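See below for the structure under consideration.
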Amino acid sequence: MRVVVTGSKGQLGRALLEMMEGHTLLPIDLPEHDFTEDSTFQAIVDFAPEMVIHGGAFTNVDGCETDPDTAYRVNALGTQNVALACQTCGAAMLYVSTNEVFDGTKEEPYLEFDPPNPIGVYGKSKLAGEMYVRALLKKFYIVRTAWLYARGDNNFVTKMIKAADERGALRVVTDEVGSPTYAPDLAAAIVRLIQTGRYGIYHFTNEGACSRYEFCLKILELSGRGHIPVTPITSDQYKRIAQPPLYSVIRNYCGATALGIILRPWEEALQEYFADE
Ligand SMILES: NC(=O)c1ccc[n+]([C@@H]2O[C@H](COP(=O)([O-])OP(=O)(O)OC[C@H]3O[C@@H](n4cnc5c(N)ncnc54)[C@H](OP(=O)(O)O)[C@@H]3O)[C@@H](O)[C@H]2O)c1
């Protein structure tokens with residue numbers, strides 16, 4: 001298959017490139033290709049792909065809050081540009097979206113059919129991207145995921161380890177709940193999904209859920225730092241620029257039920273992450 005992968009230098013993009021070695025690939029990322037620009041629209045059309053996996057995004061959630069214009073330019077208009085390229089060359093598109101399109105008030109896992117209601121700029125700009133995909137294309141997948149991590153990156157796992165080593169003690173919130181997701185597991189699910197032709201909205205995260213506090217305890221245990229003390233706090237005691245949805249667990253109903261695509265439990269994936277290190 002001829003496949004375009006945007007965000008190819010990011011956590012998910014790198015995992016996708018590794019997993020799709022047998023395919024003919026066009027990787028798109030900065031600085032060579034900016035997917036908000038006409039030149040990238042043209043590069044995609046000229047490549048004549050069958051599939052475009054659009055994982056590139058402005059993913060800094062606090063950064064989106066302080067610079068909404070950039071968030072909407074990249075996540076909304078950039079996605080419009082990529083979707084229009086797909087429309088022009090007849091490619092199917094897979095858009096990677098986020099659990100942050102929901103407001104976090106449901107108290108049970110969000111289904112693919114639940115109405116989004118983002119509370120932050122990042123979630124709003126990603127939802128705007130979803131709306132362009134739905135309005136412009138017939139052949140699309142939207143895959144929402146959450147709490148992504150991969151080796152060698154600035155994510156929650158690496159941040160907790162760095163903070164533990166620097167400070168010797170941590171304070172972590174108990175009331176933000178989600179599903180940690182290992183980027184290679186998400187990439188494998190996406191590679192299976194794009195072969196089905198069953199277009200629609202999917203929720204792919206590693207199975208199970210935990211609070212940031214529980215996630216941190218597991219990270220410290222598996223990295224040999226179980227002795228580091230962690231104080232449980234609530235999110236009103238931890239001030240940050242963006243306020244993420246508190247309960248942001250998304251349930252994989254459609255992928256599991258219709259296609260049998262299920263990611264393994266988050267604890268198992270985290271174990272493999274540390275084993276691979
Ligand atoms: N990370 C999470 O916890 C999380 C949770 C839910 C959903 N998601 C979604 O999952 C997808 C993959 O996330 P990720 O963690 O792999 O992201 P990531 O590591 O931040 O990778 C995103 C990549 O896109 C690139 N990019 C940004 N703007 C671009 C542009 N205008 N043109 C070309 N490339 C551009 C970035 O380059 P620079 O680094 O140079 O900016 C980066 O290499 C994203 O769509 C994200 O919204 C992520």
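FYI, it's all coordinate maths here, none of it is from the lab. Every value quoted in this text rests on a predicted model; they were computed, and no experiment measured them. Every residue, glycine among them, receives a Cβ derived from its backbone with ideal geometry; neighbour counts consider all protein chains shown.
Rounded to two decimals, what ratio of Rg to Rh does the stretch 51-192 give with C-alpha atoms and a Kirkwood Rh?
Rounded to two decimals, Rg over Rh is 0.99.
Please arrange K162, K9 by counting, for each residue, the other beta carbons lying within 10 Å of its beta carbon, fewest first.
K162, K9
Considering the chain as a Gaussian network with a 10 Å cut-off on Cα pairs, which listed residue, Q42, Q87, Q11, attains the greatest mean-square fluctuation?
The residue that fluctuates most here is Q42.
Can you work out ³J(HN,Hα) from phi for every residue in the stretch 59-65, in order, using Karplus 6.51 cos²θ - 1.76 cosθ + 1.60 and θ = phi - 60°, giving whole Hz and x for Gly and Pro?
With coefficients 6.51, -1.76 and 1.60, one gets 9, 6, 5, 5, x, 5, 5 Hz.
Across bins of 10 angstrom width beginning at 0, how are the C-alpha pair distances of the stretch 199-245 distributed, in whole percent?
19, 37, 32, 10, 2
Among L137, H203, G55, whose Cα sits farthest toward the positive end of the charge dipole of the chain (+1 at Cβ of Lys/Arg, -1 at Cβ of Asp/Glu, about the Cα centre)?
Farthest towards the positive pole: L137.
What FRET efficiency comes out for F274 versus N60 if R0 is 25 angstrom and r is the Cβ-Cβ distance? Round to the nearest 0.05.
After rounding to 0.05, the efficiency reads 0.50.
From the residues T40, G22, V74, which one has its Cα farthest along the dipole of the stretch 1-99 in the positive direction, the dipole being from +1 and -1 charges on Cβ of Lys/Arg and Asp/Glu about the Cα centre?
Checked the options; the winner is G22.
Take the cross-link list K162/K239; K106/K218; K124/K239; K9/K159 and give me the ones stretching past 23 Å between alpha-carbons.
Cα-Cα > 23 Å for K106/K218; rest within.
Using a Gaussian network for the chain with springs between C-alpha atoms less than 10 Å apart, which of these wobbles most: M93, M131, M51?
Most flexible of the set in this elastic network: M131.
On the principal axes of its Cα set, how long, how wide and how thick is the stretch 211-277? Give whole Å, largest value first.
The Cα atoms of the stretch 211-277 stretch 42, 32, 17 Å along the principal axes, largest first.
Show that you can apply the helix-only estimate: for the chain, add -39,500 (n - 2.57) for every DSSP H stretch of four or more residues, divide by all residues, and state [θ] at 222 nm to the nearest 500.
-11000 deg cm²/dmol
What is the Cα coordinate range of the chain on the first, second and third principal axes, sorted by size from largest, in whole angstrom?
55, 39, 36
The stretch 55-143: which GluC sites (Glu not before Pro) are DSSP loop and have at most 12 other beta-carbon atoms within 10 angstrom?
E107
Rounded to a whole number of µm²/s, how large is the Stokes-Einstein D of the stretch 128-277 at 25 °C and 0.890 mPa s, given Rh as the Kirkwood radius over C-alpha pairs?
Rounded to a whole number, D works out at 146 µm²/s.
Below 8 Å between Cα atoms, with a sequence gap of 6+, how large is the relative contact order for the stretch 126-229 in percent?
36 percent
What is the dipole size for the chain, taken about its Cα centre, with +1 at each Lys and Arg Cβ and -1 at each Asp and Glu Cβ, in debye to the nearest 20?
Roughly 300 debye for the chain.
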